[in-house]
1. Taking 7 Å along the Cα-to-C-beta vector as the label spot, tell me the Ala130-Gln314 distance in nanometres, rounded to one decimal.
2. Counting residues in the chain as N, plug N into 2.2 N^0.38 Å and put the Cα Rg over that result.
3. Determine the equivalent ellipsoid of region 259-340 by diagonalising the alpha-carbon gyration tensor, then write out the semi-axes as square roots of 5 times the eigenvalues, largest first, rounded to whole Å.
4. What base-10 log of the normalised intensity I(q)/I(0) is obtained for region 18-75 from the Debye formula, alpha carbons as equal point scatterers, at q = 0.13, 0.21 Å⁻¹?
5. List the aspartates and glutamates whose alpha-carbon lies under 12 Å from that of Lys405, not counting same-chain residues fewer than 8 positions away?
6. Rounded to the nearest whole Å², what accessible area per residue is found for the chain with the 1.4 Å probe?
7. Just read off the accessible area of Val255 with the full protein assembly in place, 1.4 Å probe, to the nearest 10 Å².
8. List the trypsin sites (Lys or Arg not before Pro) within region 292-351 that DSSP assigns to loop and that have no more than 13 neighbouring Cβ atoms inside 10 Å.
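The values are calculated or read from the model by the stated rules, or taken from the named source; none is laboratory data. None of the values given here were measured: they were computed from a predicted structure. Cβ placement follows ideal geometry from the backbone for every residue including glycine, while neighbour counts extend to all protein chains displayed. Side chains are part of the model used for accessible areas, which takes the heavy atoms of the whole protein and leaves out ligands, DNA and RNA. Shrake-Rupley method; radii C 1.70, N 1.55, O 1.52, S 1.80 Å.
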Amino acid sequence: MATLTAHTSPRRERYGVAIIGAGAIGSAVAMALGERGIRAALIDLDLSGRLSSSERNAGGVRATWWQPINIALSRASIRYYESIRDEIGFRQKGYLILYDDARWAEALRILPIQRDLDHPIEALTPREVARRVPEIDHLDGIAGATFSSGDGLINSNLLKAHYRARARADSAEFIDGAFVHAIETGPSEARLFCWRADAALTDAQVARMLTQDEPGEPALGRMIEIVADAVAITAGAWAPNVLKLIGLDSPTAAVRRQLCVVDSRAVTLERYGMIFDSSGVYFHNDGPHILAGYSPPEEPAGYSFKFDGEEFFQREIWPRMYARASCFERLRFLSGWAGLYEMTPDRSGILGAAAPRVFEAHSFSAHGVMQSYAAGQALADLIATGARGGGDARSLGRERFATGKLLYEELHW
Ligand SMILES: Cc1cc2nc3c(=O)[nH]c(=O)nc-3n(C[C@H](O)[C@H](O)[C@H](O)COP(=O)(O)OP(=O)(O)OC[C@H]3O[C@@H](n4cnc5c(N)ncnc54)[C@H](O)[C@@H]3O)c2cc1C
């Protein structure tokens, strides 16, 4: 850092909040701050989000969770998404979740809690599942299912673009090609030191910096300094690296997840939203194709974006899909990709004050897109109004990992 900071050119602007990471969460925070009259600077190594989880997700939106805080965050977000439905491609075709014996009793126990939180959800027998979704013709081992008509699928890029347009209209500034590698907080301000690229970064440069956490090469950029009243860390799976800059830990683990695009041949799932099978495989219609995912429990943590391709599809996804529906016999692998889940030990997000002048909202454990609106509002509320702000989301504070008041989310794949 010493050699890099020697060339630092200070920027004159002073912002209300400097937000580190401009994925769905950072962009939602910027919009929410703008609504409260607070000017934000959004800093990202790659605003186009090539490796960001907000770019590489499955677009699912559900309030079908078992932790009340997750139901509430998703419901509040869904109400907002309904108000901009066409702009963000929100298709409320529901979530069908199939349960085996081991989980069905718990799913039934949670139903009244979900309904109390304004989440429309019904319980189905296997026979009703077969009637509603005739494509599913092997229901062995299925004890029951839930169908939640308010859940659905979203275009996460359009959602992020919406947040950013709203934030820009409220004078937020977006700083692209900038990698934050030092943070100083003092009694009156916070200062960020960022390496900023002089030219557009290649895929390889973005990958090197985000997989090896390298601050960038002095020859290819220069240092800039950003001054703000406060800092918000919204760096997704990279939040632990950013928190380390102020001497804090985060229990977040970056875990690779892979999605496959499949040629569905004669089968169309156009009428349905997301379908989660008890085997752990999930799939939904995606334009002319099907998007399918599966999360192997043994996947090691790390910043890996390696996609295993057709071999992964044949080994993990196809057998599970075919075991549930014989019409999937001739599915053909087309393409796919890998991205990062940002997992906490209890699979709920982290949101709150991290240190004086430092706030955080990250590690939404694979529900960050769907909960981004409510998370952005809660963090902005906390920043604007102090400790009283944030509403129910205050329970997501990092303190819970020390006090043991965990929010363990069981309905997770
Ligand atoms: C395969 C897959 C499927 C998923 N499916 C769903 C789903 O169906 N529904 C759902 O809601 N969620 C889903 N998720 C999870 C969801 O994508 C994430 O929870 C969400 O995108 C996290 O958003 P974020 O803004 O916190 O992080 P990100 O979108 O990852 O953004 C973090 C940003 O921080 C930047 N950054 C990091 N370090 C620095 C630094 N030092 N300096 C500058 N910039 C930095 C990065 O460049 C990045 O743009 C899925 C994820 C994956 C991988």
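1. If labels sit at Ala130 and Gln314, their model points lie 3.3 nm apart.
2. 0.99
3. Each semi-axis is √(5λ); the values are 21, 13, 12 Å.
4. Taken in order of the listed q values, log10 I(q)/I(0) reads -0.45, -0.91.
5. Straight-distance partners of Lys405: Asp346.
6. Heavy-atom SASA per residue in the chain reads 40 Å².
7. Counting only protein heavy atoms, the figure is 20 Å².
8. Lys306, Arg330
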